[in-house]
Amino acid sequence: MKLENMNRDFPKMPEEMRQMIEQEVEKQLAKPDMLPGNRKTGRHIPKKRLVMAVAAATLALGTTVFAGVLYGLKNNQVGKYAYETKQERQDGAQDGTVASGDSEHYVKIQASYLPDGMVQTEEGKYNYRDGRGGVTIGCYYMDTGDTSFEALNYNVVEKEEMKVNGRNGVYLKKALDAYNQSLYVAYPEEHLVMEMLASSDISKEEALKIAQGVTVTPTEETVGDDVMLCYNWSRYLDAEKENALAEESSDSVEMTFSKELLGKAESIGATLSMEHNGLEKLPGLTAKVTDVQVADNKNILPEGMLDTDAATAFDANGNLKSSTISYIREGDGVDTLAQVVKTEKSKNKLIYVTVEYTNTGSDILTDIMYNGSIQLLETKGDRASVWHRELETPAAGDEWDYVVEEGLMLTAEVGAYDVRGGERGNNYIDTLKPGETVTVHEAFAVPADKLGEMYLNLDGTGEAQSALENGWMVDIRK
């Protein structure tokens with residue numbers, strides 16, 4: 001930033017703050033030079049140097065102090081258990097200029113403090129090694145104006161307005177959620193709002209200590225372990241509208257398909273044409289599921305197959321953990337809270353799948369994204385549908401309204417795999433020459449009582465009906 005642009009780029013500094021900084025700078029510049037090789041001599045400070053030093057001090061302090069005079073995050077209570085968090089402007093202050101919603105804004109998010117046993121697993125995400133929870137950090141770019149930020153949280157049992165590194169922050173704790181603590185911190189000088197979610201097994205004190213050590217810095221970088229794309233607020237509002245419309249129309253959407261379609265599922269060992277599977281055509285690409293194994297312990301998996309997240313699905317002896325199922329009586333989140341009616345354990349099984357991808361064409365194929373998810377297809381009468389625990393409904397006389405499963409980081413939808421490629425080192429095959437075959441191993445966790453309903457979907461969209469119709473679904477029932 002050029003010095004001549006500072007006056008218009010920074011909010012007007014309160015006079016008492018300017019005087020404080022000038023006094024501090026004069027005091028610092030009056031000290032003898034301490035550079036190597038210099039004699040310790042006092043000297044006169046030119047006015048121009050003083051002005052530049054004040055500007056540098058302003059940059060070093062950041063504009064948080066000044067922005068805090070103009071903006072503030074406030075909680076407005078809605079009913080007994082809901083709170084609306086808003087960013088409010090003080091009298092006489094104006095929103096700064098923001099970029100359009102089409103612009104992308106990257107930040108570098110770094111945490112200087114993490115509790116013992118907690119490690120960074122990806123940008124903005126930190127988890128305990130032993131499988132407990134952690135914190136997830138994200139940010140919003142306020143392209144619609146700083147004061148348009150509003151977040152409505154339900155089932156709030158504790159709230160506090162506070163300062164986080166001198167910035168305005170709001171802490172909320174909610175009932176029942178796995179990640180039940182939210183912290184919003186305002187960065188109005190950058191038109192950003194940071195959101196940190198903390199799991200229920202982290203104390204409030206630890207969560208706030210982590211937050212105090214977090215820095216959010218705008219960057220020109222677009223990739224990196226700590227670099228994250230901020231979510232434009234205008235896009236967030238558009239997504240909220242789309243979700244509301246989807247919920248209104250969901251009752252009329254047919255979620256089942258003909259049971260006869262299950263007969264189209266391919267068998268283990270069959271060759272599947274995959275050239276039209278994905279965003280780009282891959283002429284000659286085929287897939288063949290050659291083996292499916294069921295186990296309880298991770299010793300069946302190749303060394304190094306599990307990333308940090310997936311490894312937390314296993315206990316100290318390598319056995320796959322059970323899931324905790326909670327049955328919830330719904331509250332409205334405003335005047336009544338949701339309540340846990342009962343809990344139970346659900347045993348899981350480890351599914352280890354081997355898939356061979358072959359280039360039967362004449363051209364070299366590159367950047368091949370492969371996909372695999374286990375879908376549990378249940379039948380009722382002449383209809384079939386994809387089973388999910390969360391879709392279970394109570395029977396007559398049950399006191400619960402919905403089910404929550406304490407999810408493993410290894411699931412039927414997001415499996416572990418051993419072939420990695422592409423820019424991010426994920427589920428890609430970099431190159432496949434004509435006649436060449438690459439063997440991919442994938443691992444999933446499936447409820448033990450659902451092994452008789454397992455199908456492997458190799459379709460990138462994850463849609464069961466289209467996968468069956470196009471020959472991308474494999475019957476792996478046990």
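The values are calculated or read from the model by the stated rules, or taken from the named source; none is laboratory data. Because the structure is a prediction, the values reported are computed rather than measured. Cβ placement follows ideal geometry from the backbone for every residue including glycine, while neighbour counts extend to all protein chains displayed. Ligands, DNA and RNA are stripped out before the accessible areas are found, and what is left, the full protein with its side chains, is counted by its heavy atoms. Shrake-Rupley method; radii C 1.70, N 1.55, O 1.52, S 1.80 Å.
So here's what we get for this one:
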read-out	value
Given (1) open to solvent by 50 Å² or more (accessible area, probe 1.4 Å); (2) charged (D, E, K, R); (3) within 14 Å of Gly124 (Cα to Cα), number of the condition Lys241 does not satisfy	(3)
In the range 124-140, residue farthest from Ile202 (Cα to Cα) [restricted to those that are buried (at least 18 other Cβ atoms within 10 Å of the Cβ) and touching an Asp or Glu at 6+ places or on another chain (Cβ under 6 Å)]	Gly138
Counted residues, the range 298-314 - those being modelled with pLDDT under 95, in a loop (DSSP other than H, G, I, E, B) and either of a type in the set (Gly, Ala, Ser) or in contact with an Asp or Glu (Cβ under 9 Å, 6 or more places away or on another chain) (or both)	5
Qualifying residue in the range 214-228 (condition: over 20 Å from the mean Cα position of the chain (by Cα), closer than 30 Å to Gly425 by Cβ and of a type outside the set (S, T, N, Q))	yes
From the options Thr286, Thr271, Thr324, Thr256, residue that is open to solvent by 60 Å² or more (accessible area, probe 1.4 Å) and either within 27 Å of the chain's Cα centre (by Cα) or at negative phi (or both)	Thr271
Some residue of the range 141-164 being touching a helix residue (DSSP H, G or I) at 6+ places or on another chain (Cβ under 9 Å) and under 25 Å from Asp309 (Cα atoms)	no
Any pair with Cβ under 6 angstrom, 6 or more apart, that starts in the range 203-217 at a residue that is more than 12 Å from Tyr113 (Cβ to Cβ) and ends at one that is among the aliphatic types (A, V, I, L, M) and at pLDDT 95 or above	Val216/Val107; Val216/Ile109; Val216/Met194
The range 176-201, residues that are touching a Phe, Trp or Tyr at 6+ places or on another chain (Cβ under 7 Å) and in a helix (DSSP H, G or I)	Pro188
Filtered residue count, the range 116-175, keeping only those that are aromatic (Phe, Trp, Tyr), closer than 21 Å to Gln77 by Cα and in a strand (DSSP E or B)	1
Hits in the range 420-465 - residues which are among the β-branched types (Val, Ile, Thr) and either closer than 30 Å to Lys380 by Cβ or buried (at least 16 other Cβ atoms within 10 Å of the Cβ) (or both)	Ile429, Val438, Val440, Val446, Thr461
Selection within the range 327-339 - within 29 Å of the chain's Cα centre (by Cα), of a type outside the set (Ser, Thr, Tyr) and either part of a loop (DSSP other than H, G, I, E, B) or at pLDDT 95 or above (or both)	Glu330, Gly331, Asp332, Gly333, Val334, Leu337, Ala338
Restricting the range 202-238 to residues that are assigned to a helix (DSSP H, G or I) and of a type in the set (Ser, Thr, Tyr), the residue that is surrounded by the fewest Cβ atoms within 10 Å (Cβ to Cβ)	Tyr236
Residue satisfying condition, being modelled with pLDDT of 95 or more and not aliphatic (A, V, I, L, M), within set Lys204, Lys163	Lys204
Residue match in the range 298-308 (condition: open to solvent by less than 70 Å² (accessible area, probe 1.4 Å) and free of Cβ contacts under 8 Å to residues at least 60 places away in the same chain)	yes
Residue match in the range 292-303 (condition: of a type in the set (Asp, Glu) and farther than 22 Å from Asp449 by Cα)	yes
